[in-house]
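**Q** Here it is, the structure, as structure tokens.
The values are calculated or read from the model by the stated rules, or taken from the named source; none is laboratory data. Just so it is clear, the model here is predicted, and its values are computed rather than measured. Methodologically, a virtual Cβ is constructed for each residue, glycine included, from the backbone with ideal geometry; neighbour enumeration extends over all protein chains shown.
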Amino acid sequence: MLLSNKVCVITGAASRRGIGRATARLFALHGGRAIILDLDGAQAAEAAAELGEAHRGYACDVTDRDACFAAATRVVEEFGRIDVLVNNAGITQPLKFMEIGPKNYEAVTDVSLRGTLYMSQAVVPHMRERKSGSIVCISSVSAQRGGGIFGGPHYSAAKAGVLGLAKAMARELGPDNVRVNSVTPGLIQTDITGGKLTDELRAEILKGIPLNRLGDAEDVARSCLFLASELSSYITGATLDVNGGMLIH
């Protein structure tokens, strides 16, 4: 049990085929208490109930700082601590550079970047007090290669910001034994990509992936498990690529 009795908060984890839901499921299998946060509180509670009575699902808008702090306080009051945070919440929009308007920019950057900042700020005081914690930030290969298949340039910018924020957090929080790392998934089959991949597009994409398959949410969840657990106890400020070789540095 890699996460035995650890309290693990995962944002944006109610979507059935999403990375967050797969991560919550895997954390629960490894003994962790999965706390699912999502805009839709009912869906979050339903997702947690499927994992068992030890888990919880709460409503939380990660772009609202007060909501993030309230959610963290609720978890600490009920379970006594927060050991792991996975900043997974994010949205994307398939727009070209000149199509991006103020509302588009704000919507995408608010969830991925502001949400990562606010939720991390909410849990860090508890982790610092206990001198222990792991924060995993979900970025994207889009941040590294300058664009993806479905995300626009503002998505790339937001996810690149997540990488920079995570590294700065790792440097500042290291003395408190709080580790911060990032995961950069490639093209993962989730609800976001569902229905958008034609057979022709899939075949074309696979030409650029050495492992010759698209990723599954479980592939990313396993990486989150590694970074959340003591298996990675001497790793902080790192970026873990989960892309099947789509981008090789």
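**Q** Would you mind stating whether GLY151 is small (Gly, Ala, Ser), part of a loop (DSSP other than H, G, I, E, B), farther than 26 Å from ALA71 by Cβ and without any contact (Cβ under 8 Å) to a residue 12 or more places away in the chain?
**A** Against the criterion (small (Gly, Ala, Ser), part of a loop (DSSP other than H, G, I, E, B), farther than 26 Å from ALA71 by Cβ and without any contact (Cβ under 8 Å) to a residue 12 or more places away in the chain), GLY151 does not qualify.
**Q** Turning to a different aspect of this structure: Based on this model, can you work out whether LYS159 counts as buried (at least 24 other Cβ atoms within 10 Å of the Cβ), part of a helix (DSSP H, G or I), in contact (Cβ under 8 Å) with a residue 60 or more places away in the chain and not aliphatic (A, V, I, L, M)?
**A** In short, yes.
**Q** May I pose another question? Six or more apart or on different chains, Cβ under 8 Å: which pairs go from a residue in the range 228-246 that's assigned to a loop (DSSP other than H, G, I, E, B) to one that's acidic (Asp, Glu)? Could you list them?
**A** Pairs found: none.
**Q** So, ARG222, is that one over 26 Å from ASP110 (Cβ atoms), of a type in the set (Lys, Arg) and free of Cβ contacts under 8 Å to residues at least 40 places away in the same chain or not? Spell out how you get there, then give the answer.
**A** Values: over 26 Å from ASP110 (Cβ atoms): yes; of a type in the set (Lys, Arg): yes; free of Cβ contacts under 8 Å to residues at least 40 places away in the same chain: no.
Spelling it out, it is not the case that ARG222 is over 26 Å from ASP110 (Cβ atoms), of a type in the set (Lys, Arg) and free of Cβ contacts under 8 Å to residues at least 40 places away in the same chain.
**Q** For residues in the range 38-69 being touching an Asp or Glu at 6+ places or on another chain (Cβ under 9 Å) and under 20 Å from GLY133 (Cα atoms), which is surrounded by the fewest Cβ atoms within 10 Å (Cβ to Cβ)?
**A** By that ranking, first place goes to ARG56.
**Q** With the condition being within 26 Å of LEU163 (Cβ to Cβ) and at pLDDT 95 or above, I'd like the helices (runs of 4 or more DSSP H) fully within the range 1-117 carrying at least 1 qualifying residues.
**A** Of the helices (runs of 4 or more DSSP H) lying wholly inside the range 1-117, those with at least 1 residues that are within 26 Å of LEU163 (Cβ to Cβ) and at pLDDT 95 or above span 19-29, 65-79, 102-109.
Residue-wise test of (1) farther than 30 Å from LEU214 by Cβ; (2) buried (at least 24 other Cβ atoms within 10 Å of the Cβ).
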| residue | (1), (2) |
| --- | --- |
| ASN87 | no, yes |
| GLU99 | no, no |
| ASP110 | no, no |
| GLY115 | no, yes |
| GLU129 | yes, no |
| SER132 | yes, no |
| SER142 | no, yes |
| ARG171 | yes, no |
| PRO175 | yes, no |
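**Q** I'd like to verify a number: residues in the range 74-83 that are of a type outside the set (Asp, Glu) and loosely packed, with under 14 Cβ neighbours inside 10 Å, how many? Give the steps one after another, and end with the answer.
**A** As a first pass, look at the range 74-83 and keep what is of a type outside the set (Asp, Glu): 74-76, 79-82.
Right, trim to loosely packed, with under 14 Cβ neighbours inside 10 Å and you get 80.
Residues flagged as of a type outside the set (Asp, Glu) and loosely packed, with under 14 Cβ neighbours inside 10 Å within the range 74-83 amount to 1.
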